[in-house]
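A short worksheet on the structure shown next.
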Amino acid sequence: MKKKKIMIVGLFVSIVLLSSVLILNLFLNSKITQKRDNQNLDISGNFSNYNLTVFMDELNSMVEGNLTVDFYNNDNVNFTRIPFHIYLSGMAFDTRPGSIVIVNVTDVNNSNISFPFDVYSSSQIMWVNLSETLEPQMRAQFIIQFNATLPDGGIDRANSHGSDGNQSRIYKFASFYPIPCVYDNADGWNTDFYLTTGDPFYFDMAYYNFFIEAPSGMVIAATGKLEEKLDKGATIWYHFNPVYPVREVTFSASHWFQVQSRISNGVNISTYFLPKDSGLWNDFALNIAINALILFNNSFGLYPYPTLNIVEEYTNFGGMEYPNQVYISESISSTGFFEKVIVHEVCHQWWYNLIGNDEVDIGFLDEGLTCWSSDYYVEYYYGDWELFQLTRYIDEVRVYYADYGLSSKINQTIYECFATSTNYYYVAYHKAPLIFEKLRRTIGLTDFLEGLKLYFERHRFELVLLSDLQQAFEDVVGQSLDWFFFPWFDNLYLPKYSIAQNTYNTGTHKLNLTINDLNEPLNDFDYSQQVPLEVYNNIDSLIFSQTIWINGTTELSFTITNQPYRVMLNYNNYVLVQIANETDLTLDSLVQVI
Ligand SMILES: [Zn+2]
């Protein structure tokens, strides 16, 4: 009897727990549906929900914050603990390092119930131990209270920099709160610490409500639409909401920001800049951002969020992307580079935020697509795909081995790049967009853009692999593209052709050619590409020309009535080969008459 009673009590507790979970899920689902109805955007799947509340202390360049976590387990594994990135301590500084100090982790309903947590400062990770096992498709809730102090002086991702004396101080809060790591099949939990190579940020999509309380008199630029603003005298309280899921949030504050805004394509686009740089920024930055938004909306698919901010920052690089808000370096003075960086960072809204990927393992994917897309912007608006390229990618890539003696496989993790002495910036920012351009020239602009559209439509709000992009292009062109993707992304070296056999039979009028790729033994995959072939007679008149496919070692035969003297492969345009000198754009071979 006694046993039975306990069982009934147990069952009752289970029912109560189950129904509260159901109610919570129903509540969350209805919230998601409601958001979906706002702009008729169909977002399938469940997401985590975060409420991030911060109180800014200007004097100490810090925030006191709390993050209410409603973590959704979208993986088919049970979790007993969840890791969070606490990056600020890794960033550059002059006078004071940045830090995220975890005060406590507590139950959402009862602050007296603590969740045990472990902080590993050197690896910039904290683990929250859950009160019970989190099963797939279930949620875990808790609140993390933290204090985040900005690095002072340094010019990295987050900082307080500049001086109020000359109206130039900016507080930039990026990667400044505990951000959940991503669990994936390849790596399990991705707990990589802050890496100074690449943009090593890899996050799942989540709904955010972002509350900021800051001193009045400061201008705040933040991820999301300003839903509410409350003047509390000495401080102002803001509620920002991106409306759709984002990978992270950021905000920047300054007493000196000038603001310009315009609505375009239903998006409120704003620029925030210092008075000293208004000569460059005034109107120009806003127009560039609007042009980029219009082109990328039309070319790839709709930017669904209500706001997009372009904000001045202090960094030692050109700019940095965050969802709904990008930063552009104060150090830029040339109008061309300024335009390039704005377009580039705006484009990351599509390739990084809306479609995400592991930035440590395959950072070249969104970076390469973003570079290609920025070059497409100048092609579209100025008629020149190469205009943003200081040195044309094609010229740099063809002589890269001759200049540096290094291999340049694109498809490598940042750690592999370190181990193989591969220049990550070169492969991600210069070689990868060139390979995308090669694909565009191979399948044509219409199919290339259709492929990107399909990729966007299928995977927005998701995380992807290179194979997802390949699949989208394959579905558009109706054939496997292994022959393109594997060699160009996974080989160490470019093809280096030689003409091994070149004979003409005066009886049959047959010209027989064998073309070798001398780098074939060094690579895993055979290259296939189109190369213009030209045949000349002994007075150097062109007697035959045809664009041929060279697939690894290739044997070709042509019937030519006039006796040929010289055969030439023409590397002009976008034939991708390893050459010793930028001007060596032909491969000649004299015909042997038999
Ligand atoms: Zn980028």
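Readers should treat all values here as calculations from the given coordinates under stated rules, not as data from a laboratory. Quantities reported herein were computed from a predicted structural model and do not represent experimental measurements. Don't worry about glycine lacking a Cβ; one is built from the backbone with ideal geometry, like all the others, and counts go over all protein chains shown.
By its C-alpha gyration tensor, with a ≥ b ≥ c as the square roots of the eigenvalues, how is the stretch 370-490 shaped: rounded for a/c under 1.5, else prolate for a/b larger than b/c, else oblate?
Note, shape of the stretch 370-490 comes out oblate.
Could you give P(r) for the stretch 48-256, binned at 10 Å from zero, as whole percent values over all Cα-Cα pairs?
Answer for the stretch 48-256: a P(r) of 8, 34, 37, 17, 3, 0 percent.
Given H placed on each backbone N at 1.01 Å, which residues far from M138 in sequence or on other chains put an amide H within less than 5 Å of it?
Answer set, sorted by chain and number: N73.
Based only on other Cβ atoms within 10 Å, what is the fewest-to-most ordering of H459, H255?
H255, H459
For the chain, calculate the relative contact order in percent as a whole number, restricting contacts to Cα pairs under 8 Å that are 6 or more residues apart.
Reported relative contact order: 9 percent.
For the stretch 429-440, take each phi angle, set θ = phi - 60°, evaluate the Karplus expression 6.51 cos²θ - 1.76 cosθ + 1.60, and give the result in whole Hz per residue in order, putting x for glycine and proline.
9, 10, 6, 4, x, 5, 5, 4, 5, 5, 5, 4
Using the 10 angstrom Cβ neighbour count as an exposure proxy, how do L511, L481 rank, fewest first?
Listing L511, L481 from fewest to most nearby Cβ atoms yields L481, L511.
Could you go through the stretch 57-64 in sequence order and give the Karplus-derived ³J(HN,Hα) for each residue, using 6.51 cos²θ - 1.76 cosθ + 1.60 with θ = phi - 60°, rounded to whole Hz, and x for Gly and Pro?
10, 5, 4, 9, 6, 9, 10, 9
Taking 1 over the mean of 1/r across every pair of different Cα atoms in the chain, what Kirkwood radius in Å do you get?
That comes to 26.7 Å for the chain.
Would you mind working out the magnitude of the charge dipole of the chain relative to its Cα centre, with +1 at each Lys and Arg C-beta and -1 at each Asp and Glu C-beta, to the nearest 20 Debye?
Roughly 1480 debye for the chain.
Would you mind telling me the antiparallel percentage of the DSSP bridges in the chain, rounded to 5?
Here the antiparallel bridges make up roughly 80 percent for the chain.
Return C347, C181 ranked ascending by Cβ neighbour count within 10 Å, so the fewest neighbours appear first.
So the ranking, lowest neighbour count to highest, is C181, C347.
Going by alpha carbons, how many degrees (0 to 90, nearest 10) lie between the helix axis of 284-299 and the longest principal axis of the chain?
With both axes taken from Cα atoms, the answer is about 70 degrees.
Report the longest stretch of the chain that contains none of the trypsin sites (Lys or Arg not before Pro) sitting in a DSSP loop with at most 16 other Cβ atoms within 10 Å.
With a cap of 16 other Cβ atoms within 10 Å, the longest stretch comes to 1-231.
Give the long-range amide H neighbours of V464: residues separated by 5 or more places, or on another chain, with amide H under 5 Å away, using H modelled in the peptide plane at 1.01 Å from N.
Residues meeting the criterion, in which the H sits 1.01 Å from N, are G356, N357, D358.
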